[in-house]
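Quick notes on the structure that follows.
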Amino acid sequence: MISELFPITDYTKLQYDNEGLYSITNYTEADQISNIIVNMFTDIKNLCILDGTGGIGGNTISFSKYFSKVTSIELNKERFIMLKNNISNYNITNIKLFNVDSVEYVFNNYNKYNIYFFDPPWGGPDYKKYKNLTLKMGNKTLLEIVKFLKEKSTDKLIIFKLPFNYNFNEFYQYDYKLYKIKKYYIIII
């Protein structure tokens, strides 16, 4: 099971909990997402990416292979410790980790990154029961996050990993691209 979620390593040294396992993007899908992002640019050498929902490291580990500077944020203290452990298990050195509220961090550091990636909480297994689902991160809707970042700079990419039943019409005023991966979508605004 764990070997399907993480790249090859000494799996006995990895740390995780049930929510982390449920929420992680497995490494093959994380690499698909990284490749989608990389293909949006002609030169990625100096790009900085923020993973606003680090979890136990799925996307963060993948981003570290493609981007020279990665910042990963995890709000939950216990999961942050797991993230930190898992990153160190891979001897990755191009990642900065923060145990803070990612929305607050983004609103105070909006000029530091070219790419903002978020995999917001979907509401647990019950998310599948809803049509036209909308999500929040903290007290902000995803649209509020997009509006804030786009008002600051239109050349930033904002990326969300969202469930199949998300209300994508929420972003109608923005040009965006959707990429289907298994039962979820990557939206790039």
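What follows draws every value from the coordinates through simple rules; no lab data is involved. On a predicted model such as this, the values are computed, not experimentally measured, just so you know. Don't worry about glycine lacking a Cβ; one is built from the backbone with ideal geometry, like all the others, and counts go over all protein chains shown.
Treating r as the C-beta distance of Glu144 and Leu21 and R0 as 22 Å, the FRET efficiency rounds to 0.15.
Restricting the calculation to Cα atoms, segment 13-150 yields a radius of gyration followed by a Dmax of 14.7, 42 Å. The relative contact order of segment 2-188 comes to 18 percent, based on Cα pairs under 8 Å that sit 6 or more residues apart.
I want the antiparallel fraction of DSSP beta bridges within segment 2-188, as a percent rounded to 5.
Around 45 percent of the beta bridges assigned by DSSP in segment 2-188 are antiparallel ones.
Modelled spin labels at Asn39 and Asn99, positioned 7 Å past Cα toward Cβ, are 3.8 nm from each other.
Can you pull out the chymotrypsin sites (Phe, Trp or Tyr not before Pro) in segment 33-78 whose DSSP state is coil and whose Cβ has at most 13 other Cβ atoms within 10 Å?
Values: sites: Phe41, Phe63, Tyr66, Phe67; in loops: Phe41, Phe67.
Listed in order of number, the matching sites are Phe41.
Loop-only check: which trypsin sites (Lys or Arg not before Pro) in segment 1-109 are DSSP coil with at most 13 other Cβ within 10 angstrom? Hits after loop and neighbour filter: Lys45. With a threshold of 29 Å on the Cα-Cα distance, the over-threshold entries among Lys13/Lys77; Lys77/Lys131; Lys13/Lys65 are Lys77/Lys131.
Only aspartates and glutamates eight or more places from Lys140 in sequence, or on another chain, were considered; those with a Cα closer than 19 Å are Asp51, Glu74, Asp101, Glu104, Asp119, Glu151, Glu170. Spin-label pair Tyr130-Asn169: with each label point 7 Å from Cα along the Cα-Cβ axis, the two points sit 1.6 nm from one another.
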